[in-house]
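In what follows, a single structure is set out as structure tokens and then discussed.
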Amino acid sequence: MAYLIYNKNEKHVTHQLDYDPREGVEDKYNSGELTYMVFEGEKIDTENDFITNYRLNAAGDGVENPYKSLSKADQLTKFQDDQAKVYAPKYQEHALKMLKMEVKNILEGEYSNSSWRHEKATEVDLINGNNDAMKALALEKQAIRDKGNALETEIKALDPTVAADAKTLIAYNVTTKMRS
Amino acid sequence: MGRRVSVVEQKTGVTQTPKDPFEQPCFSSFGGWYSSAKGWFTLDHNLNMSNVMVGANGAYNSWTCDNNSYSSEFSNTYASSGWIQTTGQPGSDSSYASLCTNVGYLGNMNHQSGSNTGGNPTPWIVGANDGAERRSYGFRDVCTLPGETHQDYAVFMQYGNSGHFRVGNRSASEYWINNQYAKDPVFSIPMGWDRAMYGTCSYNRKRNKLAIMETDDGHNFQPFVWSDVPNLRSYAHSRNWYQGVTEQAGALDFSNNSPLQQWFNNNTAKRTPASGTGSYGSATGKPTNQTVEDQRRGQLVICDNDRLVMFQMIPSYGAWVARWNSPTVDGNGNCQGSVQNMSWTTSYGLDQGNRYGSRFVQTSDGRYIAAFAPSYYYGAGLYCTIIRVSDGKCLHTNWNSSGDTVVPIPYGKSSFLMCSSTNCDSGYGVQFTRFNCDYRFGDSSDNTNPSMVDNYEATRHMYDHAYYTTSYPAFIPHIYDTSLFNNQTSDIIDGYDKYSV
């Protein structure tokens, strides 16, 4: 008999104990704030079984390993695929937030009304008596917005429930993409 | 800008009131993204705020963290480097700031520690890539100091036939200078069997003993213990390697004149024998052999009763803990075998670079040492063994996370904070829990798991973080005056009152 500790963030069993870690924890926090759930069950043989493949069953009242019959190497692959799907939604949300911030930073920083680019374009146009430089600057800014929009579409097109897309989302570097 | 709240009050004459040990900086949490906010929150040993330093891009604040012309050299040059980013989990990259392998007795290899008694306690980034790589040598080679109440120095051991041993400041940066540029001598310690291992050495100053784990480089280990060892702390402070030798105009050959080197050369009789009475046996019970990490490294502790404990990470297996009997207390120095195997999946150590592998930290009173290693890839998850120095009792935890990690940080007199890299987003902030060693070693049996990592959510909504969205914090243990916890606390000054009346 063991207490299997299921982590609500990671969405799998992280370890097993021979006692209940909720002992002494104030009851009012038991259901809401705790990062983990505790299930009493048979001790997992970690030499031959992959403990982190134990996830909540459909009813949510126990944990089970659907890959128990596979080798540990194959279980690792399954675990990494499934885990990427767990983490990916947060990374997708973060990438979209970062993208907007990145575009805003570039436009408000390097292309702001007080930037050297703006000042130079204004003066060049003043000297030449036209608005060519400011128009070129505006086109550069529009290209940045277009790139941001294209990347937003790219990020949204990645499906966090598909393992390959999930891994792409986790490795997605908004800054590198915007600056490339 | 933040401010220092720890002060040294000047009294009459030259007498000063020592600082309250609990008001010293304990650790800093770090978070950030270069084109947004970045900074440190520093807590003291009361878990009160000691200092805050947060920067933003666009020069809105006292300093900027963006790679623009307003920022510092390192922020400008290394801004986009993963070494100073906290936007991804430690399990998803080999370089993120929050890897548990960045933390150890020497602080955090990605951050210069803040000053304890002067200036600003807030850390500062090193130049990522090269800076962290340079400081990682110290993290690889530093050895435990069980029972040490004055943790203001460090001893180091490198792998090699004659034991490349060094004594110096508790500084990874200084170790790099000494190690790579020969600015301090290296001591050759005569081996009892074959060769020394990286960092697998333990100096117990109370007992004047130095334990060295030797290996034949075939995953076999044989410990030797030197007795009546000179005061290494004294050498670390003075750095006078010709201490006691008459000064003269001519050059003195180091190996024939340095008292410390001479001591090792002339006192092999004070080293435990390879066999027979008083000897330690070879290590037994190692579950498997994998890589250089478990061939040439480990965390060794010599306990007050002469028992030895060695924690070793075994990459892509897990970790194991070997313990030896005490020749004096137990009547023999036999290895008890593996007292704990911890195993899960793929993990990486020294083979992937000096920045990876097992680490250790120790409580302010030196009575407990926590050895730890990642359980997943480069720095996620946790295998941790805490060793009680008085008798070698061990408690263990095996936390299998592919995303986050938990790192032990010395706290108060004899506790650790177990600090989680869990996402600070959703208004949670920095999350950690506490492990009171005296309490848990008291109510737990030897070689059990007393839940070191559970309930790290206890601090939710209480400790802010420098970055406003998804962020997995890094932790920097501070280097403070540990002696104050051993001579300025009430249990020492007023005596321990066993009964409250």
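The values are calculated or read from the model by the stated rules, or taken from the named source; none is laboratory data. Note that the structure is a prediction, hence the values are computed from the model and not measured. So basically every Cβ, Gly included, is an ideal-geometry build from the backbone, and we count neighbours across all protein chains shown.
Annotation note: of A:N48, A:N57, A:N7, A:N53, the sole residue that is crowded, with 17+ Cβ neighbours inside 10 Å and either over 21 Å from A:P89 (Cβ atoms) or more than 9 Å from every other protein chain (Cβ to nearest Cβ) (or both) is A:N53. Look at (1) out of contact with any helix residue (DSSP H, G or I) (no Cβ under 7 Å at 6 or more places or on another chain); (2) surrounded by fewer than 16 Cβ atoms within 10 Å (Cβ to Cβ); (3) at pLDDT below 95 and you find that B:V186 fails only one, number (2). What number of residues within segment B:242-272 are within 30 Å of the chain's Cα centre (by Cα) and free of Cβ contacts under 8 Å to residues at least 40 places away in the same chain? Result for segment B:242-272: 5.
What do you reckon, is B:S444 within 14 Å of another protein chain (Cβ to nearest Cβ) and modelled with pLDDT under 95? Walk me through how you get there before you give the answer.
Working: within 14 Å of another protein chain (Cβ to nearest Cβ): yes; modelled with pLDDT under 95: no.
The answer is no for B:S444.
Is it true that A:E42 is over 21 Å from B:S343 (Cα atoms) and of a type outside the set (F, W, Y)? Judged against the criteria, A:E42 is not a match.
Is segment A:101-111 home to any residue that is at pLDDT below 95, surrounded by 13 or more Cβ atoms within 10 Å (Cβ to Cβ) and in contact with a His (Cβ under 8 Å, 6 or more places away or on another chain)? Yes: one or more hits. Screening segment B:394-432 for residues that are among the small types (G, A, S) and within 15 Å of B:G366 (Cα to Cα) and picking the one that is nearest to the other protein chains (Cβ to nearest Cβ) gives B:S415.
Kindly evaluate A:E110 against the criterion of being farther than 30 Å from A:Y54 by Cβ, among the acidic types (D, E) and facing chain B (nearest Cβ under 10 Å). If you could, list the steps in order and put the result at the bottom.
Details: farther than 30 Å from A:Y54 by Cβ: yes; among the acidic types (D, E): yes; facing chain B (nearest Cβ under 10 Å): yes.
Yes: the conditions hold for A:E110.
Quick one: which residue in B:S95, B:S62, B:S75, B:S81 is modelled with pLDDT under 90, surrounded by fewer than 21 Cβ atoms within 10 Å (Cβ to Cβ) and over 24 Å from A:E93 (Cβ atoms)? Walk me through how you get there before you give the answer.
On the way: B:S95 fails: over 24 Å from A:E93 (Cβ atoms); B:S75 fails: surrounded by fewer than 21 Cβ atoms within 10 Å (Cβ to Cβ); B:S81 fails: over 24 Å from A:E93 (Cβ atoms).
Selected residue: B:S62, the only one of B:S95, B:S62, B:S75, B:S81 that is modelled with pLDDT under 90, surrounded by fewer than 21 Cβ atoms within 10 Å (Cβ to Cβ) and over 24 Å from A:E93 (Cβ atoms).
Of the residues in segment A:122-140, none is more than 30 Å from B:Y96 (Cβ to Cβ), within 14 Å of chain B (Cβ to nearest Cβ) and in contact with a Lys or Arg (Cβ under 8 Å, 6 or more places away or on another chain). Contact annotation: residue pairs with Cβ atoms under 8 Å, 6 or more positions apart or on different chains, pairing a residue in segment B:451-468 that is at pLDDT 90 or above with a partner that is among the acidic types (D, E), are B:E457/A:E33; B:R460/A:E33. Can A:L126 be described as modelled with pLDDT of 95 or more and within 30 Å of B:Q85 (Cβ to Cβ)? The answer is no for A:L126.
Residues in segment A:72-99 that are more than 20 Å from A:D45 (Cα to Cα) and of a type in the set (F, W, Y): A:Y87, A:Y91.
Could you tell me which residue of segment B:465-479 is farthest from B:G427 (Cα to Cα), considering only residues that are away from chain A (no Cβ under 11 Å) and small (G, A, S)? Filtering first and then ranking leaves B:A474.
I'd like to know if segment B:167-182 contains one or more residues that are in contact with a helix residue (DSSP H, G or I) (Cβ under 6 Å, 6 or more places away or on another chain), of a type in the set (A, V, I, L, M) and within 30 Å of B:M49 (Cβ to Cβ). Yes, that holds for at least one residue.
Hey, does segment B:113-130 have a residue that's within 22 Å of B:P315 (Cβ to Cβ) and crowded, with 24+ Cβ neighbours inside 10 Å? It would help to see each step written out before you state the result.
We begin by selecting, within segment B:113-130, every residue within 22 Å of B:P315 (Cβ to Cβ); these are none.
No, because not a single residue in segment B:113-130 is within 22 Å of B:P315 (Cβ to Cβ) and crowded, with 24+ Cβ neighbours inside 10 Å.
Of all residue pairs spaced 6 or more apart or on separate chains, those with beta-carbon atoms under 7 Å, a first member in segment A:142-168 that is free of Cβ contacts under 8 Å to residues at least 24 places away in the same chain and a second member that is surrounded by 14 or more Cβ atoms within 10 Å (Cβ to Cβ) are A:D159/A:D165; A:T168/A:L158. Among the residues of segment B:337-356, those that are crowded, with 18+ Cβ neighbours inside 10 Å, within 12 Å of another protein chain (Cβ to nearest Cβ) and more than 15 Å from B:V309 (Cα to Cα) comprise B:M342, B:S343, B:W344, B:T345, B:S347. Would you call B:D404 in contact with an Asp or Glu (Cβ under 8 Å, 6 or more places away or on another chain) and under 17 Å from B:G381 (Cα atoms)? Considered against the rule, which asks whether it is in contact with an Asp or Glu (Cβ under 8 Å, 6 or more places away or on another chain) and under 17 Å from B:G381 (Cα atoms), B:D404 comes out as yes.
For A:E40, the criteria (1) within 8 Å of another protein chain (Cβ to nearest Cβ); (2) over 28 Å from B:S316 (Cα atoms) hold in every case but one, which is (1).
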